Amino acid sequence: MTLPTHKPTDPRAPVSHPVDPMVEIRGLRTHFFTDDGVVKAVDGVDLDVFADRTLCILGESGCGKSIMARSILRIIDHPGRIVGGHIVYRAAEGRSLDLATAKQGSRELRAIRGHDIAMIFQEPMSSLGPITKIGKQITETILLHRPMSKAEARETAIEMLNRVGIPRPVERFEAYPFELSGGMRQRAMIAMALCCQPRLLIADEPTTALDVTTQAQILDLIADLKEEFNMGVMLITHDLGVVAEVAEDVAVMYMGKVVEKGDVYSIFENPQHPYTRALLESVPRVGMTHKGRLPAIRGMVPHPLARPSGCSFRTRCDHAIAGVCDQRQPEMVQSGGSQVACFLHSEAATDE
């Protein structure tokens, strides 16, 4: 796998960010209570999100990436709810708030949502109001969080539409979502997310269904605005090429758990978890011939109501240890340059 070619802050150099993370997630559990049973979409996630850095959340579809991100903003659809853990947000002025336990609809939570922490959703056509003009949707966000008049909010919205690369922003201000292309709708979503200059931007697969040229433009735009606004970015993706391009930190999720996390260099140079290695090996490489068969991860992600006992990945793992991996869940340990939840790197497995 090609190593990252971008030049973010080298995570192995002395860190320039504060010691405390902007968002500290510990033991987060978000479950959905259905008629068929309890779906553990997020099952004990520990993550740190720092200012001025991009954390990429990686994994196959159905691994809990989007639900974890939506849990931060407390926008989980019924019948889902947070049942355990903490999401500590440290504001610029030094105060802290546990978003996981904050009362839904409280003034504190509403003040943070959209202002301090903003989100770009995966599909803008279903996230934008279909019968409300783009400009009105952006100005409503601005007026909710910033002390501006309607005229000032309009000017700010048009300026932000221009900043995200939408041509003729005054005209697009009066357009409906269905009148814009997919790339333009995605840019409008970014403009709405950034209009209040958030400290943390959560981007849920922002380049899905976009052509490669538009994908590159969107990623460059997020990187430029991150630097300008001095914000942290949590980018959810299953595209390893995107991770190599923009990430400083990486977390790999599988069935609601983080199985490996570390800086992007360590993850790409020396992945520790069998799932991470399998993901990296399944990516096409430059120079492969038509005769070369691309490695694939055998099997599929198990049904959420039929989780395997012990390690969730053991049914697809070629290195599973009988009598160990099927009996207990591995704890997170330090191995190489990353932290990994795998008995292959745990002394507990050799003690049996």
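Some points to look at:
- All of Val42, Val38 fail the test of being in contact with a Lys or Arg (Cβ under 7 Å, 6 or more places away or on another chain) and under 20 Å from Gly310 (Cβ atoms), apart from Val42.
- Residue in segment 89-106 that is over 17 Å from Gly27 (Cβ atoms), among the charged types (D, E, K, R), surrounded by 15 or more Cβ atoms within 10 Å (Cβ to Cβ) and under 17 Å from the mean Cα position of the chain (by Cα) present: no
- Lone qualifier among Ile57, Ile142, Ile82 - being closer than 30 Å to Val283 by Cα, among the β-branched types (Val, Ile, Thr) and not in a loop (DSSP other than H, G, I, E, B): Ile57
- Residue check for Pro330: closer than 16 Å to Gly59 by Cβ, open to solvent by less than 80 Å² (accessible area, probe 1.4 Å) and either at pLDDT below 90 or not in a helix (DSSP H, G or I) (or both): no
- Filter pass, Leu305 being in a helix (DSSP H, G or I), open to solvent by 10 Å² or more (accessible area, probe 1.4 Å) and in contact (Cβ under 8 Å) with a residue 60 or more places away in the chain: no
- Within this structure, Arg307 fails the test of being at pLDDT 90 or above and more than 20 Å from the chain's Cα centre (by Cα).
- Residues in segment 60-79 that are in a loop (DSSP other than H, G, I, E, B) and surrounded by 14 or more Cβ atoms within 10 Å (Cβ to Cβ): Glu60, Gly62, Cys63, Gly64, Leu73, Arg74, Ile76.
- In segment 169-263, counting only helices (runs of 4 or more DSSP H) that sit wholly within it, the ones holding 1 or more residues that are over 25 Å from Gly80 (Cβ atoms) and acidic (Asp, Glu) span 169-173, 212-229, 240-246.
- For segment 146-195, filtered to residues that are under 21 Å from Arg110 (Cβ atoms) and in contact with a Phe, Trp or Tyr (Cβ under 8 Å, 6 or more places away or on another chain), the residue that is surrounded by the fewest Cβ atoms within 10 Å (Cβ to Cβ) is Leu194.
- Residues in segment 111-131 that are open to solvent by less than 40 Å² (accessible area, probe 1.4 Å) and assigned to a strand (DSSP E or B) were compared, and the one that is nearest to Arg187 (Cα to Cα) is Ile120.
- Scanning segment 71-85 for residues that are in contact (Cβ under 8 Å) with a residue 60 or more places away in the chain and more than 23 Å from Ser338 (Cβ to Cβ) returns a single hit, Leu73.
- Scope segment 147-199; condition closer than 23 Å to Ile131 by Cβ and basic (Lys, Arg); matching residues: Lys150, Arg154, Arg168, Arg172, Arg185, Arg187
- His17 being in contact with a Lys or Arg (Cβ under 8 Å, 6 or more places away or on another chain), open to solvent by less than 40 Å² (accessible area, probe 1.4 Å), modelled with pLDDT under 90 and not in a strand (DSSP E or B): yes
- Of the listed requirements (1) closer than 25 Å to Leu225 by Cα; (2) open to solvent by 40 Å² or more (accessible area, probe 1.4 Å), Ile134 misses just one: (2).
- Sole exception among (1) open to solvent by 60 Å² or more (accessible area, probe 1.4 Å); (2) of a type outside the set (Phe, Trp, Tyr); (3) modelled with pLDDT of 85 or more for Ser312, by number: (1)
The values are calculated or read from the model by the stated rules, or taken from the named source; none is laboratory data. Not measured: the values here are computed from a predicted model. Here Cβ is always computed from backbone atoms with ideal geometry, including for glycine, and neighbour counts include all displayed protein chains. Heads up: the accessible areas ignore ligands, DNA and RNA and are worked out on the full protein's heavy atoms, side chains in. Shrake-Rupley method; radii C 1.70, N 1.55, O 1.52, S 1.80 Å.
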